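The values are calculated or read from the model by the stated rules, or taken from the named source; none is laboratory data. Note that this is a predicted model, so its numbers are computed, not measured. Note that each Cβ is placed from the backbone with ideal geometry, even for glycine, and that neighbours are counted across all protein chains shown.
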Amino acid sequence: MVPFAGWSMPVQYNDGVAASHLHVREHAGIFDVSHMVQTKIHGKDRVKFIESLVVGDIAGLKDNQGMLTLFTNDKGGIKDDLIVTNTVDGYLYVVSNAGCAEKDLKHMMESVAGFRAAGGDAAVELIEDRALVAVQGPEVISVLQAAVDGDLSTLTFMMSVVTSVFGVPDCRVTRCGYTGEDGVEMSVPANKAVEICERLLSSPNVSMAGLGARDSLRLEAGLCLYGNDIDEDTTPIEASLAWTIGKRRRQLADFPGAGIILKQLKEKPQRRRVGFLSAGPPARGGTAILGEDGQKVGEVTSGCPAPCLKSQNVSMGYVPTALATKGTKLRFEVRKKSFEAVVTKMPFVSHRYYTGK
């Protein structure tokens with residue numbers, strides 16, 4: 001157990017990180033992600049309000065559809081990444097990072113106060129007494145189907161439904177996750193979370209997974225970790241997250257930092273986030289990236305041996321745009337020695353999200 005964003009979290013269980021990682025890829029794993037922040041945004045102007053803070057086209061979401069989007073600042077930097085779902089229940093459901101909880105809540109509360117003062121109709125509600133349970137892997141739906149009302153084959157990636165789980169009512173099940181696998185995140189009453197997890201664990205191919213496997217799974221899937229790979233000094237374009245900016249939002253240019261972000265989108269940024277395969281010891285966050293002349297050209301932000309690639313070293317980091325082309329050969333400085341690294345397409349392991357096709 002380790003302290004994490006004010007919570008005590010398990011790094012691993014008895015099976016170890018690599019075995020847990022592979023179990024999720026092959027079967028199903030449970031992650032307790034109750035440390036994530038859950039909020040609701042109410043009011044007839046709720047979409048207008050959230051769009052004043054994020055880059056996504058929230059107005060374009062279908063009923064019960066969600067999307068990954070970004071809080072940005074006036075410099076174009078990323079304040080946090082979050083998922084916003086347009087529920088049919090008269091509110092937006094928002095999940096954001098625990099490490100940014102205080103900052104995000106302050107940002108939303110101060111912003112909504114100004115929005116209301118200007119005549120807007122919106123309110124932010126912190127959801128309490130709820131747990132968040134992520135169940136990830138190719139066998140998740142076969143395990144979960146008997147536990148819920150309705151046909152999960154109709155629930156595609158980033159869609160959400162309120163249903164019962166093992167007889168527990170008022171559970172929001174969203175087909176999404178942070179591993180690149182098919183799976184769900186379930187917002188459930190906090191006092192029923194243990195019961196639900198124990199029922200899931202009664203299936204022989206379901207096991208618990210900790211922070212270690214969560215990190216290696218998301219890295220294989222090429223997904224960013226806030227505070228490591230993205231932060232307030234990183235723009236969506238530098239982070240290769242331009243796809244989060246809706247077409248309508250680009251045309252309106254009405255989100256924080258739009259001038260800087262859209263200029264980078266048109267003219268290319270000075271640096272980009274890229275993936276690497278490397279030799280030698282694994283390159284962790286903070287490792288220097290060297291050019292052909294041995295001079296530092298960037299820095300690794302995340303890295304580990306990839307269990308699904310026979311422990312080959314994978315990592316991501318930022319380099320000048322001129323060096324961001326797939327196949328570019330660079331070097332990593334690890335333990336005062338230099339090792340080969342090659343810019344590689346991400347994700348390192350293909351996503352298997354369920355789209356219904």
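Side notes on the structure shown:
- The numbered conditions (1) within 19 Å of the chain's Cα centre (by Cα); (2) basic (Lys, Arg); (3) in a helix (DSSP H, G or I) are all true for Lys48 except (1).
- Which listed residue, of Ala101, Ala19, Ala59, is among the small types (Gly, Ala, Ser), part of a helix (DSSP H, G or I) and in contact with a Gly (Cβ under 8 Å, 6 or more places away or on another chain): Ala101
- For the range 178-235, taking the residues that are touching a Phe, Trp or Tyr at 6+ places or on another chain (Cβ under 8 Å) and on the phi > 0 side of the Ramachandran plot, the one that is surrounded by the most Cβ atoms within 10 Å (Cβ to Cβ) is identified as Gly180.
- Selection from the range 303-320 of residues that are modelled with pLDDT under 95, in contact with a Pro (Cβ under 6 Å, 6 or more places away or on another chain) and not hydroxyl-bearing (Ser, Thr, Tyr): none
- Selected residue (criterion: nearest to Glu26 (Cα to Cα)) from residues of the range 158-178 that are in contact with a Gly (Cβ under 8 Å, 6 or more places away or on another chain) and either of a type outside the set (Lys, Arg) or not in a loop (DSSP other than H, G, I, E, B) (or both): Gly177
- Among the residues of the range 293-305, those that are more than 21 Å from Arg214 (Cβ to Cβ) and either surrounded by 11 or more Cβ atoms within 10 Å (Cβ to Cβ) or touching a Cys at 6+ places or on another chain (Cβ under 7 Å) (or both) comprise Val297, Gly298, Glu299.
- Scanning the range 247-255 finds one or more residues that are modelled with pLDDT of 95 or more, surrounded by 21 or more Cβ atoms within 10 Å (Cβ to Cβ) and under 25 Å from the mean Cα position of the chain (by Cα).
- Within the range 132-144, at least one residue is in contact with a strand residue (DSSP E or B) (Cβ under 7 Å, 6 or more places away or on another chain) and at positive phi.
- Filter result for Gly90 (touching a residue at least 40 places away in the same chain (Cβ under 8 Å) and in a loop (DSSP other than H, G, I, E, B)): yes
- Residues satisfying the stated conditions in the range 119-137, i.e. touching a residue at least 40 places away in the same chain (Cβ under 8 Å), over 11 Å from Val184 (Cα atoms) and in a loop (DSSP other than H, G, I, E, B): Gly120, Asp121, Ala122, Ile127, Asp129
- Taking the criterion of being assigned to a strand (DSSP E or B), under 22 Å from Arg271 (Cβ atoms) and over 25 Å from the mean Cα position of the chain (by Cα), the residues of the range 314-341 that qualify are Lys329, Leu330, Arg331, Phe332, Glu333, Val334, Ser338, Phe339, Glu340, Ala341.
- Pairs are defined by a Cβ separation below 6 Å, a sequence spacing of at least 6 or placement on different chains, a first member in the range 74-86 that is farther than 22 Å from Leu132 by Cβ, and a second member that is charged (D, E, K, R); the pairs so defined are Gly77/Glu232; Gly77/Asp233.
- Selection within the range 49-80 - on the phi < 0 side of the Ramachandran plot and out of contact with any helix residue (DSSP H, G or I) (no Cβ under 8 Å at 6 or more places or on another chain): Val54, Leu61, Lys62, Asp63, Gln65, Gly66, Asn73, Asp74, Gly77, Ile78
- For the range 117-134, filtering for residues that are within 18 Å of Phe255 (Cα to Cα) and surrounded by 12 or more Cβ atoms within 10 Å (Cβ to Cβ) leaves 2.
- Check on Gly210, within 24 Å of Val349 (Cβ to Cβ) and not charged (D, E, K, R): yes
- Top-ranked residue of the range 273-313 - restricted to ones that are part of a loop (DSSP other than H, G, I, E, B) and of a type in the set (A, V, I, L, M, F, W, C), ranked as nearest to Gly327 (Cα to Cα): Ala279
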